[in-house]
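The values are calculated or read from the model by the stated rules, or taken from the named source; none is laboratory data. Computed from a predicted structure; not experimentally measured. Here the Cβ positions follow ideal geometry from the backbone for every residue, glycine too, while neighbour counts run over all protein chains shown.
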Amino acid sequence: MKKPMAQWWLPALDRLGKKHPLRQQLLRADHLADTPPARLPALTQWFDVGTATIPAGALLRQHFAGDAGDSVWMAAEPAWAFADINGVRLMACGSLEVTAKEAAALVSSLAPLFAEVGMQLLAATPTQWQLRAAPDTALPELTAPEQALGEDLFLHLPKGDAGKRWRILFNDVQMALHEHPVNLARKRHGETVVNTVWPWGAGKLPATVTANVAGVVSDEPLLVALAARAGIERKPLSPDAVALAAAGWLVDLQGLAAGEFERDWWPSMQTAMARRALHIVFGSGECWAWRPWHRWRIWRRPAR
């Protein structure tokens with residue numbers, strides 16, 4: 001019986017330099033059918049939460065605070081949106097560095113706005129915020145941040161009369177944050193402001209989560225929370241953990257900044273490619289199957 005391949009999630013392919021040696025290796029690998037360039041569908045392939053969508057808010061709350069209980073939760077990540085002539089674009093979400101003191105001040109200012117619509121805004125950590133909703137609260141299915149980044153956020157807000165209060169709430173949140181003392185201080189220090197929040201991933205904590213991977217190497221909060229709920233091993237990102245990830249493990253490098261993979265992680269991937277079969281998925285959707293003996297396919301050369 002063949003051992004399952006290690007799953008490797010890499011940044012978008014266009015971030016890889018044209019002459020990077022991994023491109024040469026991919027010529028010798030088996031090119032598979034591309035997948036949709038979206039992270040959440042990939043997570044549902046490897047983790048069964050018992051529902052069609054992943055209740056990110058409840059999973060994150062349970063992992064970071066341990067008190068999700070039977071409540072309905074949404075993730076409500078601090079975010080930065082930029083206004084231009086075409087609208088207000090969501091530029092960063094979940095990646096802003098916020099201190100505990102800043103988070104406490106921001107959440108304190110925003111909490112009354114959410115309380116007016118029956119929700120409680122809480123910060124499990126300075127960067128992991130959640131909304132707890134009353135059982136009868138109608139929650140919209142807002143898109144995950146990865147799908148809204150770079151786009152006019154109002155295109156992703158609930159439509160019609162049912163979504164009116166959410167559109168008003170988003171406007172009120174932005175107004176409350178516009179001249180907030182925390183943001184004024186962040187501007188003075190050249191830091192990105194927190195001028196909105198993005199709620200998504202509504203639902204209750206799953207009773208069980210079943211994993212189709214043996215373990216994960218990742219620092220991404222939702223993947224870490226899923227692994228914890230499924231009871232599988234998780235290792236933080238490190239060169240050794242990446243290089244030694246066994247068959248059946250998921251190695252998640254998709255969130256790396258441009259150039260970081262080439263500079264810091266490629267040597268570890270080279271080590272892994274010499275030892276075991278890999279299923280490689282880029283953040284842009286391209287997929288390859290690699291086996292160590294593929295390196296002998298020297299007749300496969302780039303087109304001249």
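Screening the candidates Thr99, Thr35 for the property of being farther than 21 Å from Leu157 by Cβ, surrounded by fewer than 14 Cβ atoms within 10 Å (Cβ to Cβ) and of a type in the set (Val, Ile, Thr) yields one hit, Thr99. When Trp249 is tested against (1) over 27 Å from Gly69 (Cβ atoms); (2) touching a helix residue (DSSP H, G or I) at 6+ places or on another chain (Cβ under 7 Å); (3) of a type in the set (Phe, Trp, Tyr), just one condition goes unmet, and that condition is (2). Set side by side, the residues Leu226, Leu222, Leu237 differ, and just one is in a loop (DSSP other than H, G, I, E, B), at pLDDT 90 or above and within 30 Å of Pro267 (Cα to Cα), which is Leu237. Considering segment 181-219, and only residues there that are modelled with pLDDT of 95 or more and of a type in the set (Lys, Arg), the residue that is surrounded by the most Cβ atoms within 10 Å (Cβ to Cβ) turns out to be Arg186. Within segment 1-44, restricting attention to residues that are within 17 Å of the chain's Cα centre (by Cα) and modelled with pLDDT of 90 or more, the residue that is farthest from Leu222 (Cα to Cα) is Ala12.
Residues being assigned to a strand (DSSP E or B) and in contact with a strand residue (DSSP E or B) (Cβ under 7 Å, 6 or more places away or on another chain) are represented in segment 261-278 by at least one member. For segment 55-67, filtering for residues that are surrounded by fewer than 24 Cβ atoms within 10 Å (Cβ to Cβ) and either at negative phi or outside any loop (DSSP other than H, G, I, E, B) (or both) leaves 6. Restricting attention to segment 110-140, report how many residues are of a type in the set (D, E, K, R) and farther than 20 Å from Lys164 by Cβ. Qualifying residue count, segment 110-140: 1.
Does segment 11-20 contain any residue that is more than 30 Å from His189 (Cβ to Cβ), charged (D, E, K, R), in the same structural domain as Ala230 (by TED's automatic domain parsing) and free of Cβ contacts under 8 Å to residues at least 60 places away in the same chain? Looking for residues that are more than 30 Å from His189 (Cβ to Cβ), charged (D, E, K, R), in the same structural domain as Ala230 (by TED's automatic domain parsing) and free of Cβ contacts under 8 Å to residues at least 60 places away in the same chain, one finds at least one in segment 11-20, hence yes.
Scanning segment 142-155 for residues that are assigned to a helix (DSSP H, G or I) and touching a residue at least 60 places away in the same chain (Cβ under 8 Å) yields Pro145, Glu146, Gln147, Leu153, Phe154, Leu155. Among the conditions (1) part of a strand (DSSP E or B); (2) more than 16 Å from Ala202 (Cα to Cα); (3) modelled with pLDDT of 95 or more, Ser109 misses just one, which is (1).
Scanning for something of a type in the set (Asp, Glu), under 30 Å from Arg263 (Cβ atoms) and out of contact with any strand residue (DSSP E or B) (no Cβ under 6 Å at 6 or more places or on another chain), does segment 66-89 turn up at least one residue? No: zero hits. Count of segment 75-106 residues, restricted to those that are in a helix (DSSP H, G or I) and without any contact (Cβ under 8 Å) to a residue 60 or more places away in the chain, is 4. Just so you know, in segment 45-98 the residues that are of a type in the set (Ser, Thr, Tyr) and over 15 Å from the mean Cα position of the chain (by Cα) include one that is farthest from Pro206 (Cα to Cα), and it is Ser71. Summed over segment 120-141, the residues that are touching a residue at least 24 places away in the same chain (Cβ under 8 Å), under 28 Å from Lys101 (Cβ atoms) and either of a type in the set (Gly, Ala, Ser) or in a loop (DSSP other than H, G, I, E, B) (or both) give a count of 6.
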